[in-house]
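Have a look at the structure below, then the notes.
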Amino acid sequence: MAMYRYELFCAAVLLMSGVFADDSTSFSTDCFNISGTISFNITYKMADEKLNSYEVKLTNASKISSFNCNQTAGPVTATITQDSSSLTVQFDINPNKTKVASMDPQHWGVSKMVFDYSIAKADAKTAGKRQATAIGSYFVTPINHTYSCSQQSVKLENVTTPSGNTTDDLPDEFVNLVESGLTVRVGPKPPSNDYDYHYCKADQKVKDIVPIAVGVALAALVVIVLVAYLIGRRRTVAAGGYERV
């Protein structure tokens, strides 16, 4: 019976590992690596002016369709394509000892993300191609370190749709880029230990809480042991005193 339970447990672990492996993707070139589970929660306007949403997840079928690692020719970029959708990521690398634009000295980060996709839902007010953009400073990390985050989302709010030779803004629509187990590395140096990782703020808080919780638990254990010792000693003394009487 115990052996059967062990085999059942192993089968469950293997099954879960297969599920998580299918969700995780990895994209590598000579100058960067992006790994993790990446999905897009797409919000669009329906014909009745209400909003609706659906999810698109990157799978192992996605691939890097184009990239640039030559910084003299332009910013480091990567375009990840799956079916008719694509995500373009632009990196900003500052090796200098002074701040450049919004990038801290000797840090790298993502300065722009562009998601191209199409809405083909029957209830959409306007079907067709879309482009959602986010511009800022994301995943900012010291050079020669790998960014890591267990759960994070980035909102791409600037959504446009082509209209002839121009584009129309769709201010009510947006895309949430959601990452789980994300690691992003810029440069040829892979991480060799925990000190090579730069964790997102949410994970840093967890790492701060863990040692505090362990310390509190150990302190409580010491108090419990001390109280038990004093109670036991008191009973022993009381019993000894009774016998002497």
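The values are calculated or read from the model by the stated rules, or taken from the named source; none is laboratory data. Keep in mind it's a predicted model, so treat the numbers as computed, not measured. Backbone-built Cβ (ideal geometry, glycine too); neighbour counts: all protein chains shown. Just so you know, the surface numbers come from the protein's heavy atoms only, side chains and all, with ligands and any DNA or RNA stripped out. Shrake-Rupley method; radii C 1.70, N 1.55, O 1.52, S 1.80 Å.
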- Task: Give the accessible surface of the stretch 38-77 per residue, rounded to a whole number of Å², with probe radius 1.4 Å and ligands, DNA and RNA excluded.
- Result: 58 Å²
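Let me check against my output: what whole-number percent is the relative contact order of the stretch 34-157, with C-alpha pairs under 8 Å and at least 6 apart?
Reported relative contact order: 17 percent.
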- Task: On the protein heavy atoms, probe 1.4 angstrom, tell me the percent of accessible surface of the stretch 48-155 carried by carbon and sulfur.
- Result: 49 percent
- Message: How far apart, in nanometres, would the label points at residue 233 and residue 201 be if each is projected 7 angstrom from Cα along the Cα-to-Cβ direction?
- Response: 4.9 nm
- Message: Students often forget the sequence filter, so: which lysines lie under 28 Å Cα-Cα from residue 201 once same-chain residues fewer than 8 apart are removed?
- Response: 57, 97, 99, 112, 155, 189
- Hey, what did the stretch 141-192 get for relative contact order, percent, Cα under 8 Å, at least 6 apart? 48 percent
- Stretched fully, the stretch from residue 189 through residue 129 gains (0.36 nm per residue minus C-alpha distance, one decimal, in nm) 17.8 nm
- Item | Part-to-part distance (alpha-carbon centres) for the stretch 186-205 and the stretch 47-105, which is given in Å | 20 Å
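With +1 on each Lys and Arg Cβ and -1 on each Asp and Glu Cβ, and nothing else charged, work out how big the dipole of the stretch 94-167 is about its Cα centre, in Debye to the nearest 20.
80 debye
What FRET efficiency, computed as 1/(1 + (r/R0)^6) with R0 = 30 Å and r the Cβ-Cβ distance, is obtained for residue 49 and residue 101, rounded to the nearest 0.05?
It comes to 0.15.
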- Message: I'd like to check one number: the per residue accessible area of the stretch 125-180, probe 1.4 Å, reported in Å² as a whole number.
- Response: 51 Å²
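Please arrange 38, 224 by accessible surface area, largest first, computed with a 1.4 Å probe and ligands excluded.
From most exposed to least exposed: 224, 38.
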